[in-house]
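The values are calculated or read from the model by the stated rules, or taken from the named source; none is laboratory data. Source: prediction; values computed, not measured. Quick reminder, even Gly has a Cβ in these numbers, built from the backbone with ideal geometry, and neighbours come from all protein chains shown. Side chains included, ligands, DNA and RNA excluded: accessible areas come from the protein's heavy atoms. Shrake-Rupley method; radii C 1.70, N 1.55, O 1.52, S 1.80 Å.
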Amino acid sequence: ITRPPASLSLTNEHVVITAGPTREAIDPVRYISNHSSGKMGYALAEAALAMGARVTLVSGPVTVCAPSGVTLINVQSAEQMRDAVMSNIDDATVFIGCAAVADYRPEQVVEQKIKKHDEKLTLTFTKNPDILADVAKLERAPFTVGFAAETQDVSFYAKDKLTRKNLDMIAANDVSDDRIGFNSDQNALSVFWAKGEKTLEIADKYQLALQLMQLISEQLTQKHA
Ligand code: CTP
Ligand code: CA
């Protein structure tokens, strides 16, 4: 597939996507983060745009370039990402949580650079808001799609997240497979929704993004039918 069929268009849809990692500050010069490249989320933004949607991309710090035509909102922390999503969700019809949001942040951001003293340093972390679950909880929630990065029992954990977070769809990838995942240009996905599932075989992230956006478009039509 190179081009989406015209029948599965996303014209009139507003798609909000989160992408990339978040950075959680420790002190003015340090943070904790993860290896997310943002490539999958940016590919989804490009695919949604190609299918005629209006796209808002809320992104953590990445090196990939945003496709022209998307509204890009740059953020650093999970809390900033949550605020940016919530300020743009009112007229969204689709939300895709593709960001690797840090589950925890340092409980306190130390005001001055931490100096080297003791042999050991202990940091205490506190839970970040779950952006995806918060969007799914909204009274007029958009069609909500999550991602699940798993290293084992992919289908079990993905289906658990689908029901527990009350999502419309979840796309799971096995990050223990080193051909795909975080920094790779390729990915493979197992997609689950309440009434079905589909395996999207290993492919370039843009081709995979087109296939996932088409699945979303089909299920969106079903939901509104
Ligand atoms: N997510 C989010 N906000 C968070 C954590 C996760 O929006 N604070 C979203 C991710 O963007 C992804 C989905 O939730 O779409 C699942 O992320 P994942 O890390 O696989 O699941 P968690 O619920 O965080 O559970 P765990 O890390 O324990 O597997
Ligand atoms: Ca997580």
Task: Test: Ile170 is among the aliphatic types (A, V, I, L, M) and more than 25 Å from Gly20 (Cβ to Cβ) - done: no
- [ ] Go through Thr63, Thr122 for me and flag whichever is more than 15 Å from ligand 1 (Cβ to nearest atom), open to solvent by 90 Å² or more (accessible area, probe 1.4 Å) and within 28 Å of Asp204 (Cα to Cα).
- [x] Thr63
Open item on the list: Can you pull out every residue in region 171-225 that is more than 18 Å from the chain's Cα centre (by Cα), outside any strand (DSSP E or B) and polar (S, T, N, Q)?
Closed with: Ser176, Gln219, Thr221, Gln222
Open item on the list: So, Leu138, is that one surrounded by fewer than 20 Cβ atoms within 10 Å (Cβ to Cβ), more than 14 Å from the chain's Cα centre (by Cα) and more than 28 Å from Asp90 (Cα to Cα) or not?
Closed with: no
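Being open to solvent by 20 Å² or more (accessible area, probe 1.4 Å) and farther than 17 Å from Leu189 by Cβ is the requirement here; does Asn128 meet it?
Numbers: open to solvent by 20 Å² or more (accessible area, probe 1.4 Å): no; farther than 17 Å from Leu189 by Cβ: yes.
Against the criterion (open to solvent by 20 Å² or more (accessible area, probe 1.4 Å) and farther than 17 Å from Leu189 by Cβ), Asn128 does not qualify.
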TODO: Determine whether region 155-163 contains at least one residue that is under 19 Å from Ala99 (Cα atoms) and touching a residue at least 40 places away in the same chain (Cβ under 8 Å).
DONE: no
- [ ] Being open to solvent by 90 Å² or more (accessible area, probe 1.4 Å) and more than 10 Å from ligand 1 (Cβ to nearest atom) is the filter here, so list the residues in region 160-175 that pass it.
- [x] Thr163, Asn166
TODO: Could you check, for region 104-112, whether at least one of its residues is more than 12 Å from ligand 1 (Cβ to nearest atom) and free of Cβ contacts under 8 Å to residues at least 24 places away in the same chain?
DONE: yes
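Report those helices (runs of 4 or more DSSP H) wholly inside region 49-165 carrying at least 2 residues which are more than 16 Å from ligand 2 (Cβ to nearest atom) and within 30 Å of Val29 (Cβ to Cβ). Lay out the reasoning, then the answer.
Numbers: elements: 78-86, 131-137, 154-164.
Where helices (runs of 4 or more DSSP H) fall fully within region 49-165 and carry at least 2 residues being more than 16 Å from ligand 2 (Cβ to nearest atom) and within 30 Å of Val29 (Cβ to Cβ), they are 78-86.
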Task: Single condition Asp103 does not satisfy, out of (1) under 14 Å from the mean Cα position of the chain (by Cα); (2) surrounded by 15 or more Cβ atoms within 10 Å (Cβ to Cβ); (3) farther than 12 Å from Val16 by Cα - done: (2)
Open item on the list: What's the number of the only condition in (1) in a strand (DSSP E or B); (2) within 16 Å of ligand 1 (Cβ to nearest atom) that Ile26 fails to meet?
Closed with: (2)
- [ ] May I ask you to say which residue of Asp153, Asp178 is among the charged types (D, E, K, R), open to solvent by 80 Å² or more (accessible area, probe 1.4 Å) and at pLDDT below 90?
- [x] Asp178
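Conditions (1) within 26 Å of Ile216 (Cβ to Cβ); (2) without any contact (Cβ under 8 Å) to a residue 12 or more places away in the chain; (3) basic (Lys, Arg), marked per residue:
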site	(1), (2), (3)
Val58	yes, no, no
Thr71	yes, no, no
Val75	yes, no, no
Asp118	no, yes, no
Leu121	no, yes, no
Thr124	no, no, no
Task: Selected residue (criterion: nearest to Val94 (Cα to Cα)) from residues of region 181-225 that are open to solvent by 30 Å² or more (accessible area, probe 1.4 Å) and β-branched (Val, Ile, Thr) - done: Thr221
